[in-house]
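Written out below as structure tokens is the structure these notes cover.
The values are calculated or read from the model by the stated rules, or taken from the named source; none is laboratory data. Every value quoted in this text rests on a predicted model; they were computed, and no experiment measured them. Backbone-built Cβ (ideal geometry, glycine too); neighbour counts: all protein chains shown.
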Amino acid sequence: MVELNSQKLDAVFTALGDVTRRKMLRLLADGERTISELAAPFDMSLAGASKHVKALENAGLILRTVQGRTHTCSLQAAPLAAAEDWLRFYENFWSDRLDALERELQKSTKAKRRKT
């Protein structure tokens with residue numbers, strides 16, 4: 001079972017809560033990018049992009065390597081898998097309950113048909 005009070009999981013969901021960071025992750029899914037390349041589609045400063053990268057890095061979603069003045073980022077998928085596991089628990093929770101509701105509604109419909 002996924003650890004429900006994990007600070008790492010909290011950091012992942014916090015990082016994913018921002019549309020810019022989600023788009024940056026999508027770019028990184030296609031391969032490594034420099035911070036300049038990550039900033040370009042958003043028309044933002046390098047400082048602004050660096051703040052988003054730092055949030056993604058703190059959540060463990062990216063790995064940043066530095067060569068001279070160039071910071072290159074790559075996607076790290078393991079924290080996304082942990083978030084997916086956490087979400088899957090609730091998918092199963094609701095799926096089971098909705099299936100039970102459907103069965104009860106079918107029973108009710110059959111019972112009404114018998115009465116008429």
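For this structure, a couple of remarks:
- Of all residues making up segment 1-21, the number that are surrounded by 14 or more Cβ atoms within 10 Å (Cβ to Cβ), touching a His at 6+ places or on another chain (Cβ under 8 Å) and either of a type outside the set (Val, Ile, Thr) or not in a helix (DSSP H, G or I) (or both): 1
- Here Asp43 clears all of (1) of a type in the set (Asp, Glu); (2) modelled with pLDDT of 95 or more; (3) more than 11 Å from the chain's Cα centre (by Cα) except the condition numbered (2).
- Residues of segment 30-49 that turn out to be out of contact with any helix residue (DSSP H, G or I) (no Cβ under 7 Å at 6 or more places or on another chain), surrounded by 11 or more Cβ atoms within 10 Å (Cβ to Cβ) and outside any helix (DSSP H, G or I), as a count: 3
Let's see how each residue does on (1) over 15 Å from the mean Cα position of the chain (by Cα); (2) at pLDDT below 95; (3) assigned to a strand (DSSP E or B):
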| residue | (1), (2), (3) |
| --- | --- |
| Lys23 | no, no, no |
| Leu28 | no, no, no |
| Lys51 | yes, no, no |
| Thr65 | yes, no, yes |
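- Inter-residue pairs, beta-carbon under 8 Å, first under 22 Å from Thr34 (Cβ atoms) and touching a residue at least 12 places away in the same chain (Cβ under 8 Å) and in segment 64-85, second among the hydroxyl-bearing types (Ser, Thr, Tyr) and in a helix (DSSP H, G or I), 6+ apart: His71/Ser50
- Residues of segment 50-92 that are among the acidic types (Asp, Glu) and surrounded by fewer than 16 Cβ atoms within 10 Å (Cβ to Cβ): Glu84, Asp85, Glu91.
- Residues that are aromatic (Phe, Trp, Tyr) and either touching a strand residue (DSSP E or B) at 6+ places or on another chain (Cβ under 6 Å) or touching a residue at least 40 places away in the same chain (Cβ under 8 Å) (or both), drawn from segment 1-57: Phe13
- One residue alone among Glu57, Glu91, Glu84 is part of a helix (DSSP H, G or I) and at pLDDT 95 or above, and that residue is Glu57.
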